[in-house]
Amino acid sequence: MTWLRRGSSEPLWKEEFPVRTADERYVTRRQLTKFLVLTSLGMFVGNIWILIRSIFYKAPIYGHQPVAQLGEIPVGGVKLFSYPSKDDHCILIRTAEDEYVGYSQKCTHHGELCGEHAVILGLILRRSMQSVRRLDL
Amino acid sequence: MFGYEFYVDPSRCIGCRSCLQACEECATHRGKSMINFDFIERKESISSAAYVCWHCDEPTCAQVCPADAIKKGEDGIVHSSLKPRCIACNNCVLACPFGIPKMMIPEQQMMKCDMCYDRTSIGKRPMCATVCPSQALSYVRPEEIAYRREKPTNIFYFGSQKITTKVYMMAPAEREAIALDVVDYMWEENHDLVATRE
């Protein structure tokens, strides 16, 4: 926070804890009230901005991407892949003969399996075998 | 403030200890004397010296205080430690070159001479200066002290540390500053029971 200070040869702690009472900075009740009101106003404006942004927000649409061939992964086996970009690391797990699940490796949604149509980082995580076939996974 | 200054002249002290008694009556530290009273060369002499806090321009006691408890007011008075802040660490007692701060063990607080702040802040004299019969401690205007043979100085050298103070010491007229080497005054050096330095 040095950019907030005026030029001074004294170290910051000496300014914070001055020996002379004349150098002390007191916060009056009115100053504190101003600070609280302005901070509350700032937070209110910020929330309005977030609200407006969420109204006009459009979720990005990601394309289909082949990840593995059917039967490539044994039951209980995994395959690592990236989706939608190469920096978004994911893992595909074959939990049963006809069930595949996918997780993002960064956000595993508290370790839970995501249900039908659940989306993490744009990746459709859980699909039945038919859906997998339809998605060309 | 009010044009008065404090002057200490140990050569005038007669050792009556009136200042110690009067100091105890001050309302800012009732019952406790903040005067530093000492004998000089006790083996050979009966001369004594009473002195108060010198109220340094850059108070070492306040600079070493880790709790920000010692404050110097706008009128130059260095006050006793603030009770809610003082942690009784003794840093100020050890650091003060004049040996002024006193650690009050029962109160767990450092107290020192604040020049009877309840009195001097409204233009009255400190208790010690009002009772000193020889005016070894005097609180007068500078033009009054100019009549004395000694001249006031408020510059002290402790080794290489230069200290300027609010309270004046009466020194020989030719001396502009008082330089002290503490080692010179350590009596242990010449004591029969202490081995002398090779």
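The values are calculated or read from the model by the stated rules, or taken from the named source; none is laboratory data. Fair warning: this is a prediction, and the values are worked out from it, not measured in the lab. Virtual Cβ from ideal backbone geometry, glycine too; neighbours counted across all protein chains shown.
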Number of the exception - A:Thr33 against (1) farther than 30 Å from B:His55 by Cα; (2) among the β-branched types (Val, Ile, Thr); (3) within 14 Å of another protein chain (Cβ to nearest Cβ) | (3)
Scanning for something of a type outside the set (Ser, Thr, Tyr) and modelled with pLDDT under 85, does the stretch A:29-44 turn up at least one residue?
-> no
Counted residues in the stretch B:99-128 being farther than 16 Å from B:Cys65 by Cβ and either free of Cβ contacts under 8 Å to residues at least 40 places away in the same chain or hydrophobic (A, V, I, L, M, F, W, C) (or both) come to 10
With a cut-off of at least 1 residues that are of a type in the set (S, T, N, Q) and in contact (Cβ under 8 Å) with a residue 12 or more places away in the chain, name the strands (runs of 3 or more DSSP E) lying wholly within the stretch A:1-107.
-> A:89-96, A:99-104
Identify, from the list A:Tyr57, A:Tyr26, the residue that is over 30 Å from the mean Cα position of the chain (by Cα), among the aromatic types (Phe, Trp, Tyr) and exposed (fewer than 10 other Cβ atoms within 10 Å of the Cβ).
-> A:Tyr26
Check B:Cys61 against each of (1) more than 21 Å from B:Asn154 (Cα to Cα); (2) touching a residue at least 24 places away in the same chain (Cβ under 8 Å); (3) crowded, with 16+ Cβ neighbours inside 10 Å; (4) not basic (Lys, Arg) and name the one condition it does not meet.
-> (1)
Filter result (more than 9 Å from chain A (Cβ to nearest Cβ) and not hydrophobic (A, V, I, L, M, F, W, C)) within the stretch B:63-78 | B:Pro66, B:Asp75, B:Gly76
Could you say whether any residue in the stretch B:36-48 is of a type in the set (Asp, Glu) and within 14 Å of chain A (Cβ to nearest Cβ)?
-> no
Filter the strands (runs of 3 or more DSSP E) completely within the stretch B:14-110 down to those with at least 1 residues that are touching an Asp or Glu at 6+ places or on another chain (Cβ under 6 Å) and of a type outside the set (S, T, N, Q).
-> B:48-51
Kindly indicate whether B:Ile40 is under 20 Å from B:Phe158 (Cα atoms) and β-branched (Val, Ile, Thr).
-> yes
